[in-house]
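The values are calculated or read from the model by the stated rules, or taken from the named source; none is laboratory data. Just so we're clear, the structure is a prediction, and the values are computed from it rather than from any experiment. Every residue, glycine among them, receives a Cβ derived from its backbone with ideal geometry; neighbour counts consider all protein chains shown. To get the accessible areas, we keep the full protein, side chains included, count just its heavy atoms, and leave off ligands, DNA and RNA. Shrake-Rupley method; radii C 1.70, N 1.55, O 1.52, S 1.80 Å.
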Amino acid sequence: MSKFKTVTWPKVILFGDSITQFSFQPNGWGAEIANKLARKCDVVNRGLSGYNSRWAKLLLPRLINITNAADNNIAAVTVFFGANDCALEDKNPQQHVPLKEYSENLRDISRLLASAGVPADRVIFITPPPIDEPAWEKECILKACPLNRHNSAAGQYAHACVQVASQCGAVALDLWTLMQKDGQDYTVYLSDGLHLSQKGNQFVAEHLWGLLESRVADLPFILPYWGDVDVKSPESSLLCDQ
């Protein structure tokens, strides 16, 4: 057996739906966060396209060790659901989750994370972004279905997300409000009316980093900078416990 301690990276977990799953694509917001945190922690993509908060709550104990928190070493978690929950019940019952249940699901996710050793101040809830209804309707027509999301409904779920975050002692990134602030054209942040464009990914990365940076500021640089490695005795630099 090796006598040396295994080097482990802390984790930042991105938990959400397709907007999270796609965040590791080129120029994605998750990839940008991972780049900023290289050599400090692993950024783990747990985005699940099409999922809602009901399914997420059930699945979370399979993704994070709830019973042995010491094994997790989690620096922060983003929880980014609502874009599917807010689907109109009569047009998309499979993904729709009633507003009251959505709020309760987020509370349950917060409680599960706490039992996994992730206190509320390390959790960042992210609201659904606004919906560009004309653009999303075109996507729906291509799939032979009617428009199944309204921007006003997304706003209700965003408001609920912000409320739950406050009640749980977590912080919220309110994309729905920020992207529409001062009457700006929020459609530039969306690629198809629902998912993020390159500009939208940049927007999320910038605002998320503003909240995440303080939560990972104390994480050390893992393993020595190459210029600090003892050339004559690299073992003394590379095989010491850190």
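Taking amide hydrogens as placed 1.01 Å from N in the peptide plane, the amide H of D17 sits under 5 Å from those of L48, F80, each at least 5 positions away in sequence or on another chain. Remark: region 60-188 carries 45 Å² of accessible area per residue (probe radius 1.4 Å; ligands, DNA and RNA excluded). Around the amide H of S197, modelled in the peptide plane, lie the amide H atoms of L190, S191, all under 5 Å away and 5 or more residues distant in sequence or on another chain. Label separation (K100 vs F4): 5.8 nm, computed from points 7 Å beyond Cα along the C-beta direction. DSSP bridge analysis restricted to region 1-132 gives an antiparallel fraction near 0%, rounded to the nearest 5. Three principal axis extents of the chain based on alpha-carbon atoms, in descending order, are 68, 36, 33 Å. Dimensions of region 46-169 from C-alpha coordinates, computed as largest minus smallest value along each principal axis and given longest first, are 49, 26, 21 Å. Label reach from W226 (point 7 Å along Cα→C-beta): in region 36-52, amide nitrogens under 15 Å belong to 39. Element breakdown for region 81-218 at a 1.4 angstrom probe: carbon and sulfur atoms account for 51% of the accessible area. Here the Karplus relation 6.51 cos²θ - 1.76 cosθ + 1.60, evaluated at θ = phi - 60°, turns the backbone of region 83-90 into coupling constants of 5, 8, 3, 7, 4, 5, 4, 6 Hz, with x for every Gly and Pro.
Under a 1.4 Å probe, what is the accessible area of region 3-58 per residue, stated in Å²? Spell out each step's value before the answer.
Details: 2780 Å² over 56 residues.
With all protein chains present, region 3-58 gives 50 Å² per residue.
Using every pair of separate Cα atoms, the Kirkwood estimate puts the hydrodynamic radius of region 75-123 at 11.8 angstrom. Over all orientations, region 119-229 has a Cα convex hull whose mean projected area works out to 10.1 square nanometres. To put it simply, the accessible area of region 1-66 at a 1.4 Å probe is 52 percent carbon and sulfur.
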